[in-house]
Amino acid sequence: MRKALRWLLSLVLIIGTVATAGAATAADRSADHKPATDTTDIKDRILAIPGMSLIQEKPYEGYRYFVLNYTQPVDHRHPSKGTFQQRVTLLHKDTSRPTVFFTGGYNVSTNPSRSEPTRIIDGNQVSMEYRFFTPSRPQPADWSKLDIWQAASDQHRIFSALKKIYPKKWLSTGGSKGGMTATYFERFYPRDMDGVVAYVAPNDVVNTEDSAYDRFFERVGTKECRDKLNAVQREALVRREPLEKTYQEWADATGATFTTVGTLDKAYEAVVLDFVWAFWQYSLLSDCEFIPAAATASDQEIYDTIDAISGFSAYTDQGLETYTPYYYQAGTQLGSPDIKQPHLGNLSRYGYQPPRNFVPRSIPMKFDSSTMRDVDTWVRNHANQMLFVYGQNDPWGAEPFHLGRGARDSYVYVAPGANHGANVAALVPDEQAKATARILEWAGVAPAAVQQDAAKAKPLAPFNTKLDRQKTEREQHTLRP
């Protein structure tokens, strides 16, 4: 799934003073070997976990916030064959509160933040960096050990270690690839969590069948907006020669290179083909008014518009490097969309390029078509206390998770007019209340009034402008879930 700029769902937040503590492990602590109890400082209890070490503690009012390393096996099937250090963060409130396990599916933010379920239940939050995203990458990197079962097993070991300290209910959550990660964790370790809240999680069951995306782009928004976006995208290919000259000048000035994708021309077209998808993923229908009329726009206006939405740094070597683990997974298990875009006619030379084009050739890849079928079948037949939230205007929601007759206490909701940032708060009022009530119930903290009437359900923690408001940054890199 190669796409363009994304809002980082790992919540990059503005925070206050940061205090740095030197790296420490349980072995580094004083030889006061008293057993960990509820009266022991929480940091000492955490560092008493074998393999857990402290990178940094950051102060935050009302919480303790830790950035940690946890020693994980490279291969959970053969733990003796090497280990690596995986970054984990912990927003600690109280061991008497429930805990949310947040996964972004990419790098972990090292600044304090709360996911929506964490605020709803007023709990603790553990966040995990996905394996193979640096610095949580084994050295040397055996890429065959990057799969959804290994990642779920990472999560299982972290949960098992921390459950002894946080004995109350646990929920898993994540947005986009993080929502996928939370779902896969539930599939492989269904006894760990007491509930799952998966936001905007794509479900590409049959990688070679993507007509759902084509139908989505035929009806999303309004015809006026669709035509306007299509015209700008088409014009960027009509004017390929002068705009690629501008692109080359930028690359020369910044030192950008194109070894992985092959050529500047292939990178340019990949960015342009991302444009319409990226607009609907990150923008609202009302943002269409800022798109210029293609027929009268200057070359620079076309270039700047594509750059603002898709990002011309997307398919440079420098832009791709951080996301190599994602493209590897897209090309081996997760799948990736391939849309037709008929309005481009014969202007496209390469079409939607596959993930293989965005991973260095030195890394072998082979796609397993059975993986997503297995997950989809399991969710349909065995989902229990799972909540899926999608945005009406988000392209990734064109292939969502579905619930079958075997599902229990599980739900799929769609937020009207919402994009890839859809959440419970964006649902219509009755669905918002019901979803909030179920999250509170699963976490074991639903007030009596809510148990009697779901319409009274509200988040238990007040909104915090630093912890809860996403500082969404449109980064110049490829669009991905």
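The values are calculated or read from the model by the stated rules, or taken from the named source; none is laboratory data. Model, not experiment: these values are computed from the prediction. In this analysis, Cβ positions are derived from the backbone assuming ideal geometry, glycine residues included, and neighbour counts consider all displayed protein chains. Note: areas computed on protein heavy atoms with side chains; ligands, DNA, RNA excluded. Shrake-Rupley method; radii C 1.70, N 1.55, O 1.52, S 1.80 Å.
Close amide-amide hydrogen proximity is noted between residue 192 and no other residue 5 or more places distant or on a separate chain, at a cut-off under 5 Å (H modeled in the peptide plane; Pro and chain starts excluded). Within segment 321-436, the percentage of alpha carbon pairs spaced more than 25 angstrom apart rounds to 43%.
The H on the amide N of residue 257, modeled in the peptide plane, is under 5 Å from the matching H of 317, 318, each at least 5 residues off or on a different chain. Surface calculation, 1.4 Å probe, protein heavy atoms: residue 250 sits at approximately 80 Å² accessible.
Probing with 1.4 Å while keeping every protein chain in the model, the per residue accessible area of the chain equals 41 Å². Annotation: residue 193 carries an accessible surface of approximately 10 Å², with a 1.4 Å probe and no ligand, DNA or RNA atoms counted.
Here the relative contact order of segment 360-441, from alpha carbon pairs under 8 Å that lie six or more residues apart, stands at 27 percent. Relative intensity of segment 77-119 on a log10 scale, I(q)/I(0) at q = 0.14, 0.25 Å⁻¹, equals -0.48, -0.99, per a Debye sum over C-alpha point scatterers of equal strength in the absence of solvent. Farthest toward the positive end of the dipole of segment 353-481, out of 416, 381, 397, is the Cα of 397, where the dipole comes from beta carbon charges about the Cα centre. Over the chain, what percent of the accessible surface lies on carbon and sulfur atoms, probe 1.4 Å? Of all accessible area on the chain, carbon and sulfur atoms account for 50 percent.
Expressed as a fraction of 2.2 N^0.38 Å, the C-alpha radius of gyration for the chain is 0.99. Could you state the number of Å between the C-alpha centres of segment 204-253 and segment 340-400? What the calculation gives is 18 Å, centre to centre.
Rg of the Cα atoms in segment 368-481, relative to 2.2 N^0.38 Å, amounts to 1.23. If you take all other residues with their beta carbon under 13 Å from the beta carbon of residue 221, and give Lys and Arg +1 and Asp and Glu -1, the sum is -2.
Scaled to the globular estimate 2.2 N^0.38 Å, the Cα spread of segment 41-112, given as radius of gyration, is 1.21. Put simply, segment 211-364 fits an ellipsoid with semi-axes of 25, 20, 13 Å; these come from the alpha carbon gyration tensor as the roots of five times its eigenvalues, largest first.
In segment 413-459, one over the average inverse separation of all distinct C-alpha pairs is 10.9 Å, which is the Kirkwood hydrodynamic radius.
Taking every alpha-carbon pair in segment 252-339 and binning the separations at 10 Å intervals from zero gives 15, 42, 32, 12, 0 percent. Computed from the alpha carbon atoms alone, the convex hull of segment 104-251 holds 212 Å³ per residue.
Scanning residues 5 or more positions from residue 106 or on other chains, those with amide H under 5 Å from its amide H are 130, with H placed 1.01 Å from N in the peptide plane.
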